[in-house]
Amino acid sequence: MMTPGMVLGAAFGYLLLLFTIAWYGDRRAAQGRSVIDNATLYALSWGVYCTAWTYFGSVGRAASGGMWFLPIYLGPMLAMLLAWMVVRKMVRIARTYRITSIADFIASRYGKSPLLAALVTLITVVGIVPYIALQLKAVSAGYQVLTGPSAAPVTAWWKDGTLYVALALAAFAVAFGTRHLDLAERHEGMVAAIAFESAVKLVAFIAVGAFVTWGLFDGMDDIWARTEAIPELRTLLRLDQSAASFDYAQWFALTILSMLSVLLLPRQFQVMVVECVNERHIRRAAWLFPLYLLLINIFVLPIAFGGLLHFGPGQENPETFILSLPLASGAHWLALFAYIGGFSAVTGMLIVETVAVSTMVCNDFVMPSLLRLGRFGSREGGDLTRLLLNIRRTAILAVLMLGYFYFRVAGEAYALVSIGLISFAAVAQFAPALLGGMYWRGGTRAGAYGGLIGGFAVWAYTLMLPSVAKSGWIPAGFIDDGPFGLTLLAPERLFGLAQLDYLTHSLFWSLLANVSLYVGLSLARSPSAREASQALLFVDVFRRGGTEPVFWRGRARLDDLRALAGRFLGPVRAQALFDEHAREVGVPVPDLVADARLVDRVERQIAGAVGTASARVMIESVAQEEPLSIDDVLEILDEASQLRGYARALEEATGELRAANEQLKSLDHLKDDFMSSVTHELRTPLTSIRALSELMLDDPEMEAAQRQEFLGIIVSESERLSRLVNQVLDLAKIESGHAEWHNADVDLRALVTDAVRATSELFREGDVSVALDLPEAVPLLRADPDRLTQVMLNLLSNAAKFVPRAGGRVAVTLRDEGESLAVSVRDNGPGVPLAEQATVFEKFRQGGDALTRPPGTGLGLPISRQIVDHFGGTMWLESEPGKGACFAFRLPLRPDGKAGGNDNGHESADR
Amino acid sequence: MGTKVLIADDEPNIVVSLSFMMKREGYEVLIARDGSEALAMIRAEKPRLVLLDAMMPGMTGFDVCEAVRADPEVRETRILMLTAKGRESDVARGLGAGADAYITKPFSTRDLAARVRDMLA
Amino acid sequence: MRGERRPRPQVLVALCAAGLALLNFPLLAIWDQPATVFGLPLLPVALFTIWAGLILALALVSEGDAAERGAPGDGTDAPDGQEDDRP
């Protein structure tokens, strides 16, 4: 056993550490360097789902029911599979409309109804207080396990340590949950502390699990082997325990229940939606969080069975095995660490839950009442931010004290797990109104009222009331016999439905009533204009760009709006709000017009502080509003979608312009390259011509032979220059489509033969043999014979340039391929290196190396290819380096459309 | 024996004119027809000045220039870069590679001769 | 920001349906055997394995290759680049 001082000291030391972390997180947030802008910390903060109920209750449940502890964690797994859609949509809606609690969310969706917000708050408080009591009970029970049964049981409440824990936690929640009035209700320091707590409880639980599994036993298989030896334990890990067959309905109900709870519990809404820094983090958190749940559950069974084996069944309370096992084995420090782990599970839950509930109580209970009392009439009164904070602080304290009171009165009546499930079933009642409202435009306020009231009533009657009765506060007889002896109305067997266990039974009837009323009433009456407009804003939150419709018509005075904002936001924030709006509109603040957009903006900011419903009331109090009809809503929507249409058209036009500009830029680049190459090719012969001419000019005495050599060079370089100019012009004409084509029926066989004959002199000089391989006859094709001759001469002269000095061979073939004719010119020269094959048809890419390269402009092949292309054909190169090159082209006999050209008789381009 | 000047250019006719000029100025002329030959000759013959064409197949004038500046043996060789491309970016690149001067083709023979005299002075 | 379309909603809904089926009647009964795996009882091993499998699948479709971003067929997503539409 440990001394109370030690345990209390550790607990308060731990709280101090939390304070430090939260303080640091807040300070960093104030500096704009968020510590929690991180998907992993975000996921850890979701771990607030695991409370004392997980930490102590799961082991208890596993020790008595085997696998039954698991569905509560499988449900969240399934919910997380949809988080990227559902949670992200909730975050987006909450962000856009400054929604800070689940009550606000539902009320805002159904036309900013204050009554609906109050109803949701009421259900939350009633449902959550037992859950808070459960946490306090865990702290107290754990404490007793660690310090041993105290000699004199604590009777006086002021001597009860649990009370002081509750007070300390209230102090924490006040300090970091209501330090200042944040317009988005975000508390970075608190979230940082919560993420830390999640890590602590996970590590502590795993540490004890590992200690039990490998310290006390010899691995998981050892625990199981020993368990199997005990007949009353061996069936625990089967679905069909003892005689009763497995209750699949309850298993399914628990899965669905926890699936909804993980989205709808106030603390989950707080950490997932309200505290979300960046909605992209949801993507990763959605799988990290179930992973967290899996890890924290791995050792549940080993600890449960280890405890049962160690102490013997029925000897110790399984819910505190995690403490009693290390303690019984002398591992006191581990027991203390385990206690801190459980303590962190408790504190995390209590802090976030009370902050979330206090926001709801303040915004949806207290403020509307104060507004109704007229204490804050439209135009008088000063800054209200301090009052708001104080209301919240009081609410936090009140909720915790309510929980403590419940714990003192009813805490001993129930096992932890049962209390938790009652709370789960209560918040599950929000599902139809909230999820339906996010995806179904047709849901109305009447439907939401009906569903919530009906579901809550059935929940209270079938679940809450029997639990109260079982605690002995009211006679329990009606549970079995029904009220006034009407067995048909027996709360756990409504209408004689006795096949379901009490939880599934309650969940079934309450959700059935809830959904039926929600859908039925929604369909029965058409929504008001405000409900319809809010429905559109919620359901289509992802569809809108910057041009959201503002569903407001009326007149307001700028001064009134400024005064109102000043009172709820504080003068500094109010000024910033108007300055920003003025900057966006482009006029100075005093000249601002209180139009729909400004009114909407002010309303949203105030909503962040006091909730949407109260904000609506406040705006109504300072503006003369015109009631909106459904037609008005449609009209406004129409305007907005027109605007959106313009915006989209503009965006498309911009996109096209951008693309065109890119294209021009790249063409410009190409042209630049081309010009640069042409310049180079023109300047090179000019250099020789100018240099040699100047040398001769400077030296009249130059030897005749020298002078003769120079003049020869000048002439040949001049020829090269004019050839180049002609080819550049030729290419430019073909490329720009200005070339003239004189088409005729061409006999390609005759054309090839003529071209070979024309170059025979060239080949004879180089002692090159030319082999012709031509068919007897080929069909005529329609083309410009002069241009084709140009192509042939180019290919033949290229071949002549590259064949070896001695033993050069050139083979010319013509093939009739049915649809087309193919010509190839093969030489036995050095071939074209692989690296150059791809670029050989580009301009100014001359083959061969500079030393031996025969004169050429580097434009012959590009021009030839352009010509062949023009007639719908293709030109290509086949070459293996070292084994010669084969240039070939293929022309279709019936070019499809584009080829050919004008059959006029004008002079063709010079060449 | 006169000062050694290397002419590196892949255009034979330009080499003819340059070598005539350099000989007339009284230098001893060496000739290289591409970049790698030029580099090899610079290392072997250690000419005082190189007339280096920027655009040669294989190893370009820029590459040669960088290689010379990186080689402590021949780092002091004076380099006059010749180019037929007149773009600003080419001039910048040549000077960036470490050339001492830069002349565009076609050039004035008098200017070139004067430039070479200056650089060898 | 484009690229917010992954993971695709259809895939997520399919995974959720698969999870719901795998973790409930009647598929759950398959594992209800007196057998052991590496000395551990079959049922919890199977449940934890399915669970881990679902997490792995979710992680894969969530963190999957960025090149696939912007996949079509998403009814709930922003049609344009408007990501941060806070007023």
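Structural remarks
- On the basis of the beta-carbon distance and an R0 of 60 Å, B:ARG75 and A:ARG648 show a calculated FRET efficiency of 0.45.
- For the range A:553-628, the fraction of alpha-carbon pairs in successive 10 Å shells from zero, as %: 21, 57, 22, 1
- Amide H to amide H distances under 5 Å link B:ILE31 with B:ILE7, where only residues 5 or more positions off or on other chains count and H is placed in the peptide plane.
- Set of lysines with alpha-carbon distance to A:LYS137 below 16 Å, sequence-local pairs under 8 removed: A:LYS159
- Computed over the range C:9-65, the range of Cα coordinates on each principal axis works out to 40, 24, 9 Å, biggest value leading.
- In order along the range A:341-352, the Karplus-derived 3J(HN,Hα) couplings, from 6.51 cos²θ - 1.76 cosθ + 1.60 at θ = phi - 60°, round to x, x, 4, 5, 4, 5, 5, x, 4, 5, 5, 5 Hz, and Gly and Pro are given as x.
- Note on A:LEU295 and A:SER693: their simple-model spin labels are 8.4 nm apart, each label 7 Å out from Cα toward Cβ.
- Amide proton proximity set for B:MET81, modelled H, under 5 Å, gap of 5+: B:LEU52, B:ASP100, B:ALA101, B:TYR102, B:ILE103
- Degrees separating the helix A:502-524 axis from the principal Cα axis of chain A, which is the longest one: 60 degrees
- Dipole size of the protein assembly as shown about its Cα centre, with +1 on Lys/Arg Cβ and -1 on Asp/Glu Cβ: approximately 3780 debye, rounded to the nearest 20.
- Taking a ≥ b ≥ c as the square roots of the eigenvalues of the Cα gyration tensor, the range A:701-823 is oblate, since a/c reaches 1.5 or more and a/b is not larger than b/c.
- Remark: mean inter-chain Cβ contacts per residue of A:797-806 equal 0, using a 10 Å Cβ-Cβ cutoff to other protein chain atoms.
- Label sites at B:ALA121 and A:ALA469, each approximated as a point 7 angstrom past Cα along Cα to Cβ, lie 11.9 nm apart.
- A straight Cα-to-Cα reach below 26 Å connects A:LYS733 with the lysines A:LYS665, A:LYS671, A:LYS843, A:LYS898, B:LYS85, residues fewer than 8 places away in its own chain not being considered.
- Compared with the alpha-carbon gap, the fully stretched path from A:SER769 to A:GLU735 is longer by 8.7 nm at 0.36 nm per residue.
- Between the range B:40-60 and the range A:41-85, the alpha-carbon center distance in angstrom: 77 Å
- Square roots of 5 times each gyration tensor eigenvalue, C-alpha, the range B:4-120, largest first, Å: 18, 17, 14
- Computed over the protein assembly as shown, the range of Cα coordinates on each principal axis works out to 136, 78, 74 Å, biggest value leading.
- In the range A:638-732, the C-alpha radius of gyration followed by the widest Cα-Cα span (Dmax) gives 27.3, 94 angstrom.
- Sorted by Cβ density within 10 Å, fewest first, the residues A:PHE568, A:PHE311, A:PHE217: A:PHE311, A:PHE217, A:PHE568
- Secondary-structure-derived ellipticity at 222 nm for chain A, considering helices only, amounts to -20500 deg cm²/dmol, per-run term -39500 (n - 2.57) for DSSP H runs with n ≥ 4.
- 20 Å cut-off, amide nitrogen to a point 7 angstrom out along C:LEU56 Cα→Cβ, residues in the range A:255-299: A:284-299
- Across peptide A:254-260, the average count of Cβ atoms from other chains found within 10 Å of a residue's Cβ is 1.
- Ellipsoid semi-axes in whole angstrom, largest first, where each is sqrt(5λ) of the Cα gyration tensor of the range A:739-892: 24, 18, 14
- Degrees separating the helix A:571-585 axis from the principal Cα axis of chain A, which is the longest one: 30 degrees
- Partner chain coverage, peptide A:78-90 - average Cβ within 10 angstrom: 5
- Calculated from backbone phi, Karplus (6.51, -1.76, 1.60) coupling profile of the range C:11-24 in Hz, x at Gly/Pro: 5, 5, 4, 4, 4, 5, 4, 4, x, 4, 5, 5, 9, 9
- Residue order, fewest to most beta carbons within 10 Å, for B:GLU37, A:GLU188: B:GLU37, A:GLU188
- Spin-label pair A:GLN706-B:ALA44: with each label point 7 Å from Cα along the Cα-Cβ axis, the two points sit 2.7 nm from one another.
- The range A:1-137: C-alpha gyration tensor shape, a/c 1.5 cut-off, then a/b vs b/c: oblate
- Average Cα contact separation per residue, chain A, under 8 Å, 6 or more apart, as relative contact order %: 14 percent
- Dipole orientation for the protein assembly as shown: of the candidates C:LEU42, A:PHE407, A:LEU670, A:PHE407 has the Cα lying most toward the positive pole (charges on Cβ; Lys, Arg +1; Asp, Glu -1).
- Cα gyration tensor category, rounded, prolate or oblate, for the range A:436-484 with a/c compared to 1.5: prolate
- Dimensions in Å of the range A:472-534 - Rg and Dmax from alpha carbons: 17.2, 50
- Proximal lysines to A:LYS883, defined as alpha-carbon separation beneath 24 angstrom and excluding residues fewer than eight positions away on the same chain: A:LYS801
Each value in this text was obtained by applying a stated rule to the coordinates, not by laboratory testing. As the structure is a prediction and not an experimental result, all values here were calculated from the model. With ideal geometry, Cβ positions are generated from the backbone for all residues, glycine too; neighbour counts draw on all protein chains shown.
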